[in-house]
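The structure under discussion appears below in the form of structure tokens.
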Amino acid sequence: MPKSSFANDEHAPLKEVGRSKGIRIGSAIRARPARDVAAIVARECDLLTPENALKPAHLSPARGKYRWSDADRTYKFAKSKGLAFHGHTLFWYKRPPPWAEETLGGRSFADATEVYGDFLRDVVERYPRAVSWDVLNEITGTNGLLRDVFPLSTFGVDLVAELLRRARSAAPDAALVINENDLECGASDCAAKRRNVLTLLRQLKERDAPLDVLGVQGHLNSSKPPDTDAVQAFFGEVEALGLDIYLSELDVRDREFDGDDLARDDQVAGLYWTFLTAALQSRAVKRVVFWGITDAENWLATGKGDGHTRARPALFDRSFDRKQAYYAVKEALSSAPER
Ligand code: G3I
């Protein structure tokens, strides 16, 4: 990783460097962020997304009932700071609404999509300024095309296509995203995922499903480093299908890195730089979003995320100072081609 050439421009926020390249910078944010975290997001980013507030299980405890308050707070915060709002997520096998299995199980395709479509429409229509939606999150399988979980296992790609259609009709101007994990690494499970995602995208195209973007989460991992050649080849194929790409949940799991904080920060910065420098060669990449831009509020460093009290996955430390990762990201952005 080269030394930062941003020494003279240390305080240009990331969003400015991103804008000069046609790349929007964003972060996930909690419903009640610390004041310093909120200030960093407002200063460095053009876009935010609620980390958890829009997850169906959090949002809808019973069919037709909603707890809007957390997502409303974030939506208002985005407006007050002039930030764009991205919705994460309308469908996630890991956090389905508690009513879903009982209500959708045993139903015909038409009934099930009607029920889930009502939920999707209610959520999307409440946040009309959202510029984009993760319509479906982490649906692709490693062994099979889709994850072997209900209702994907029952209704397959037709369900995916139908939810995209319903999202388009509720939010005609928003970019529609399928957001996927484990696409970056060199291990066989990531390779299988990349193949399956491409097959899924082709099948959706055959069905004329309205999809604009593939979200590539980018939870980078010290034990499963990114395969930059594979990522570049994969991005080329996604672009050839006419889709944009968002790097949608960037951070670094630093569990296996050795040494003191500075030594580990150096390795974390290296992973950000290596991945971003390769990924941003693709002009299809229009967005770089951090899954918590500070160690103070990043799932890997707080709560049950990684069970790792020393974790330093983000761009700012717990005292809100910039780390090497921040400069590595800036450097990668500044050397990216314009789009
Ligand atoms: O809000 C409760 C709190 O009241 C309680 O005291 C605490 C006890 O553990 O739990 C809190 O809820 C936690 C929530 O985060 C808010 O901090 C949940 O237990 C915890 O499971 C939840 O984890 C989130 C996880 O998704 C599951 O929803 C992480 O914050 C969030 O960063 C993570 O984000 C996902 C993306 O949505 C999809 N891609 C992967 C990414 C990382 O796993």
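The values are calculated or read from the model by the stated rules, or taken from the named source; none is laboratory data. Since the structure is predicted, the reported quantities are computational estimates derived from the model, not experimental observations. Cβ: placed from backbone, ideal geometry, glycine included. Neighbour counts: every protein chain shown. Remember, those area values only see protein heavy atoms, side chains included, never the ligands or the DNA or RNA. Shrake-Rupley method; radii C 1.70, N 1.55, O 1.52, S 1.80 Å.
Grab the alpha carbons of the range 1-107, take their convex hull, and tell me the volume per residue in Å³. Write down the numbers at each step before the final one.
On the way: hull volume 16.1 nm³, N = 107.
Once divided by residue count, the hull of the range 1-107 is 150 Å³.
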- Task: Taking the Cα centre of the range 1-143 as origin, work out the dipole magnitude from +1 charges on Lys and Arg Cβ and -1 charges on Asp and Glu Cβ, in debye rounded to 20.
- Result: 440
- Item | Percentage, to the nearest whole number, of Cα pairs in the range 78-131 over 18 Å apart | 43
- Checked against a 22 Å limit on the C-alpha separation, the offending pairs among Lys55/Lys79; Lys94/Lys193; Lys55/Lys330; Lys15/Lys79 are Lys55/Lys330
- Query: Roughly how many nanometres apart are two label points built 7 Å out from the Cα toward the Cβ at Arg121 and Leu241?
  - Reply: 2.8
- Query: Tally Lys/Arg at +1 and Asp/Glu at -1 over every other residue whose Cβ is under 9 Å from the Cβ of Ser60; what's the total?
  - Reply: +2
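Ignoring any ligand, DNA or RNA, what whole percent of the accessible area of the chain comes from carbon and sulfur when the probe is 1.4 angstrom?
Details: 6280 of 13800 Å².
The C+S portion of the solvent-accessible surface of the chain is 45 percent.
May I ask you to derive the FRET efficiency for Ala62 and Asp173 from their Cβ-Cβ distance with R0 = 25 Å, giving the value to the nearest 0.05?
With R0 = 25 Å, the Cβ-Cβ based efficiency is 0.25.
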- Reduced Cα scattering model of the range 102-252, Debye log10 I(q)/I(0), q = 0.16, 0.17 Å⁻¹: -0.89, -1.00
- Message: Taking the 0 to 90 degree range and rounding to the nearest ten, how far is the long axis of helix 35-44 tilted relative to the main principal axis of the chain, both from C-alpha atoms?
- Response: 90
- Consider just the alpha-carbon atoms of the range 248-339 and return their Rg together with their Dmax, both in angstrom. 13.1, 39
- Query: Using unit Cβ charges (K, R positive; D, E negative) and no other charged atoms, how large, in debye to the nearest 20, is the dipole of the chain about its Cα centre?
  - Reply: 880
- Message: Working only with C-alpha atoms, what are the Rg and Dmax values of the chain, expressed in angstrom?
- Response: 19.2, 63
- Please state the Cα pair-distance histogram of the range 67-167 with 10 angstrom bins from zero: what percent is in each bin? 13, 45, 29, 11, 1
- Message: Could you tell me how many cubic angstrom of Cα convex hull volume the range 163-274 has per residue?
- Response: 110
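Percent of Cα-Cα pairs more than 13 Å apart in the range 156-214, please. Could the numbers behind the result be given before it?
On the way: 1068 of 1711 pairs.
Tail of the P(r) past 13 Å holds 62 percent of the pairs.
Using the heavy atoms of the protein chains and a 1.4 angstrom probe, tell me the accessible area per residue for the range 214-327 in square angstrom. Before the final figure, lay out the partial values.
Numbers: 4170 Å² over 114 residues.
Roughly 37 Å² per residue, with all protein chains present.
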